[in-house]
Amino acid sequence: MRFLAFLLLLPLMLNAATTGTTHHVRMQVDADHLFLPVSIMIKGKDRAAVDARVDEIRKVLEKRFADQPGWELREITSEFARSENSKSSINVTSSSKFSGDDESRGDVTYVATARWELHTEADKGLKGLEILRTKASDLVKPKSDDEKQAVGNPEYALTHPDDSRNELLDQIKNDFEEAKKHLPEGQWKLEVSDLASPVQVKALGGKRFEVSLDYQMSFVTPKPEKASK
């Protein structure tokens, strides 16, 4: 179907001569990773103690994933402790004093949050998910109002879309060869560019993803050959 649409547009593209037209090729692939989202929220009256507790939990998670090929911990977000009523987020270079967060205000509760993704290979399936849930367990103190943990729904991911680049380039090569068959011999030449554009990914649901690659195909008039003397 892609070739048919291409051939229907060919006369218009020939009239455009040097105008490059954007095309894309696509294919479906399976996910390569399965991950489990995990987040924590720590509260306390001592800002330093709250930050230290988050760091302690981080080290526990890192230890559970250390030296285990095929299992990976990815930290997605992490915020330093701030006043519970403050909506300001703090980065590493910010002052230790918050705007409007004066200790003289009296009773202040501080809160810090962090979120991770616990990854494994997609083909590990339900057994892999069971192990991820085990690694995510018991990170916070049970029955504590100051420590909360949430485990999200497992999701599939395609973390290395560039692994499909060669197959997509083969499709572009086939398009190129097919298009050349329909050019008037000696009057036009075909050029393909933008092959370095990133592979795009679209989730289709479940383990299926669509990968695609854009490229430019241009028809140009060859320079006339100089007459020989």
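The values are calculated or read from the model by the stated rules, or taken from the named source; none is laboratory data. Since this is a predicted model, take the numbers as computed values, not measurements. Please note: Cβ atoms are built from the backbone with ideal geometry, for glycine as well, and neighbour counts cover all protein chains shown.
Here are V38, V50, V60: which of them is touching a strand residue (DSSP E or B) at 6+ places or on another chain (Cβ under 7 Å), assigned to a helix (DSSP H, G or I), not assigned by TED's automatic domain parsing to the domain that holds L168 and not charged (D, E, K, R)?
Just one listed residue meets the conditions, V50.
Quick check on E177: is it among the acidic types (D, E), surrounded by 13 or more Cβ atoms within 10 Å (Cβ to Cβ) and either in contact (Cβ under 8 Å) with a residue 40 or more places away in the chain or at negative phi (or both)? Quick ask: steps written out before the conclusion?
Values: among the acidic types (D, E): yes; surrounded by 13 or more Cβ atoms within 10 Å (Cβ to Cβ): no; either in contact (Cβ under 8 Å) with a residue 40 or more places away in the chain or at negative phi (or both): yes.
No; evaluated as a whole, the condition is false for this residue.
Which of the following residues is at pLDDT 95 or above and of a type outside the set (A, V, I, L, M): F65, F3?
Details: F3 fails: at pLDDT 95 or above.
One residue alone meets the criteria, F65.
Inspect all residues belonging to region 86-102 and state whether any of them is modelled with pLDDT under 55 and either surrounded by 18 or more Cβ atoms within 10 Å (Cβ to Cβ) or among the aromatic types (F, W, Y) (or both). Don't jump to the end; show me each part of the working.
Taking region 86-102 as the starting set, the residues that turn out to be modelled with pLDDT under 55 are 87-102.
Then keep just the ones that are either surrounded by 18 or more Cβ atoms within 10 Å (Cβ to Cβ) or among the aromatic types (F, W, Y) (or both); that gives 98.
Yes, region 86-102 has at least one match.
Out of (1) over 26 Å from I76 (Cα atoms); (2) assigned to a strand (DSSP E or B), the odd one out for A114 is which?
Only one criterion in (1) over 26 Å from I76 (Cα atoms); (2) assigned to a strand (DSSP E or B) is unmet by A114, namely (1).
Restricting region 65-82 to residues that are of a type in the set (D, E, K, R) and surrounded by fewer than 18 Cβ atoms within 10 Å (Cβ to Cβ), which is nearest to K135 (Cα to Cα)?
Let us first name the residues in region 65-82 that are of a type in the set (D, E, K, R), namely 67, 72, 74-75, 79, 82.
Next cut, surrounded by fewer than 18 Cβ atoms within 10 Å (Cβ to Cβ) only: 67, 72, 74-75, 79.
Numbers: D67: 14, E72: 11, R74: 13, E75: 14, E79: 22 Å.
Out of the qualifying residues, it is E72.
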